[in-house]
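The values are calculated or read from the model by the stated rules, or taken from the named source; none is laboratory data. Since we're looking at a predicted model, the values are computed, not measured. Neighbour counts run over all protein chains shown; Cβ positions are idealised from the backbone, glycine included. We work out accessible area using only protein heavy atoms, side chains counted, and drop any ligands, DNA or RNA first. Shrake-Rupley method; radii C 1.70, N 1.55, O 1.52, S 1.80 Å.
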Amino acid sequence: MPSPRRVSIRRPAALAPQPPSALAALCAALAQALSPALAAPSPTLSAQQPTSVSGEVTCADCVITLDTMATIGGWEDAGLHVITPFSQVAVDRRGRILVTHLSYPEISVFSPEGEYLGTVGRGGTADGEYEAIAHVNVGGRYIHVFEFQRGRTVLDHDFEVVRTDRSIPQVLSSVVTDTDEVAFALHVPEGTGVAHQRLVLDMMGRTVSFGGAEPVRRGPQMQRFVVAGDGETFWTVRQQANRIVRWDLEPEPAVARVFDRTVEAFERDNPTGQSWPRSLNVGTMLDDNGLWLAWQTPDAEWTERISPGEPIPEVPWQTVLDGWLDLVDPSTGQTIARYRGGDALLGFAHGSRYLVSYHEPRAGGAYIYLLEPKLSR
């Protein structure tokens with residue numbers, strides 16, 4: 001464990017950003033569908049029948065390991081106020097680590113060598129000023145800053161404002177292509193098979209939707225999704241339920257498969273009403289191994305449940321939550337391998353393939369780790 005008051009980066013050469021592959025088919029569909037006005041939604045999503053899949057691990061000899069690529073943490077060092085269990089992390093194309101927290105209208109920036117470089121942004125309503133940042137993601141040329149209620153701000157890699165889009169819907173998880181189009185998912189309040197639509201946002205702030213007849217709306221989402229994608233597919237996973245939806249992008253984006261996974265550890269603490277802590281999917285990432293799914297459950301020794309509006313106890317987060325990582329076979333929805341650890345997982349760092357975990361040592365302070373998942377057989 002690093003000593004307090006320290007910000008360190010391990011193996012900085014390996015921390016080079018790894019951008020997501022360009023969603024070529026998605027961008028082609030975007031170019032055809034977008035017009036100077038907001039594109040009309042496409043037909044209602046077909047009721048694709050879900051496939052029920054057991055969450056049991058299918059490969060007894062498969063092992064997931066997590067290599068620590070970077071550590072940021074300490075007590076009172078500059079910039080570390082944003083390191084909490086609710087932090088969002090991104091890695092930009094220069095390898096800098098960008099950390100945000102919804103309570104602060106700014107981005108804390110750390111260099112690949114571990115030096116705190118300062119903050120970007122401040123509170124306010126002008127361009128480059130923020131209220132509550134939902135997450136930051138990175139495309140081929142730009143950094144995309146998404147707020148909960150105030151749309152998107154596009155920055156270049158010198159953190160200069162390129163444009164601000166205030167009318168877009170709430171984007172809580174995204175895939176950003178090399179050409180800086182953004183793919184995300186929203187809840188559709190109608191009785192369709194998968195109850196969401198997949199949307200694409202271009203650099204001009206225009207949005208086109210696939211799979212939902214409802215117009216694009218701003219404001220809070222009834223359901224939240226984490227998303228991943230590559231040049232052929234786009235994936236959505238509900239945060240509070242183990243439903244995985246695969247979109248095929250050619251010849252036109254359409255739902256191809258819906259998997260309903262039954263994972264005993266997840267379902268064991270997944271109440272209908274809201275409470276904390278509870279089971280939650282926190283991030284997903286697609287690579288050559290398959291679909292990685294990060295999730296969390298309450299620690300078995302923590303029995304207290306908090307209703308909405310009640311204060312969360314001030315205790316080390318690892319005493320409350322356990323972190324899990326599943327590798328899912330994209331063709332069958334079955335679980336290839338599983339990892340379980342004592343630290344809470346916060347999801348994947350946007351713009352990279354690194355998993356983010358959070359730890360509070362007994363001596364005080366807080367730490368974020370960037371971890372590279374690997375599969376061995």
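For the range 325-344, the tally of residues that are in contact with a helix residue (DSSP H, G or I) (Cβ under 7 Å, 6 or more places away or on another chain) and open to solvent by less than 40 Å² (accessible area, probe 1.4 Å) stands at 1. Taken together, the residues in the range 83-100 that are part of a loop (DSSP other than H, G, I, E, B), at pLDDT 90 or above and either in contact with a Cys (Cβ under 9 Å, 6 or more places away or on another chain) or open to solvent by less than 20 Å² (accessible area, probe 1.4 Å) (or both) amount to 3. Of Trp302, Trp292, all but one fail to be among the aromatic types (Phe, Trp, Tyr), out of contact with any His (no Cβ under 9 Å at 6 or more places or on another chain) and open to solvent by 10 Å² or more (accessible area, probe 1.4 Å); the exception is Trp302. If I filter the range 135-148 for residues that are within 20 Å of Ser167 (Cβ to Cβ), in contact (Cβ under 8 Å) with a residue 12 or more places away in the chain, out of contact with any helix residue (DSSP H, G or I) (no Cβ under 8 Å at 6 or more places or on another chain) and among the hydroxyl-bearing types (Ser, Thr, Tyr), do I get at least one hit? Within the range 135-148, one or more residues are within 20 Å of Ser167 (Cβ to Cβ), in contact (Cβ under 8 Å) with a residue 12 or more places away in the chain, out of contact with any helix residue (DSSP H, G or I) (no Cβ under 8 Å at 6 or more places or on another chain) and among the hydroxyl-bearing types (Ser, Thr, Tyr).
Which residues, taken from the range 310-337, are closer than 29 Å to Thr51 by Cα and either in a loop (DSSP other than H, G, I, E, B) or over 19 Å from the mean Cα position of the chain (by Cα) (or both)? Within the range 310-337, Asp329, Pro330, Ser331, Thr332, Gly333, Gln334, Thr335, Ile336, Ala337 qualify. Where strands (runs of 3 or more DSSP E) fall entirely within the range 107-193, those with at least 1 residues that are at negative phi and buried (at least 21 other Cβ atoms within 10 Å of the Cβ) are at 107-110, 133-138, 143-147, 152-155, 182-187. Leu66 fulfils the conditions (1) at pLDDT 85 or above; (2) open to solvent by less than 30 Å² (accessible area, probe 1.4 Å); (3) hydrophobic (A, V, I, L, M, F, W, C) except for a single criterion, (2). When the range 194-222 is filtered for residues that are surrounded by fewer than 18 Cβ atoms within 10 Å (Cβ to Cβ) and modelled with pLDDT of 65 or more, the ones remaining, listed by number, are Met203, Met204, Gly205. I'd like the residue in the range 248-290 that is of a type in the set (A, V, I, L, M, F, W, C) and in contact with a Lys or Arg (Cβ under 6 Å, 6 or more places away or on another chain) and, out of all such residues, is nearest to Ala228 (Cα to Cα). Among those that are of a type in the set (A, V, I, L, M, F, W, C) and in contact with a Lys or Arg (Cβ under 6 Å, 6 or more places away or on another chain), it is Met285. Filtered by the rule that a residue be in contact (Cβ under 8 Å) with a residue 12 or more places away in the chain and either in a loop (DSSP other than H, G, I, E, B) or open to solvent by 60 Å² or more (accessible area, probe 1.4 Å) (or both), the range 274-289 gives Gln274, Ser275, Pro277, Arg278, Ser279, Asn289. Residues of the range 338-349 being of a type in the set (A, V, I, L, M, F, W, C) and outside any loop (DSSP other than H, G, I, E, B), which ones? Correct list: Ala344, Leu345, Leu346, Phe348.
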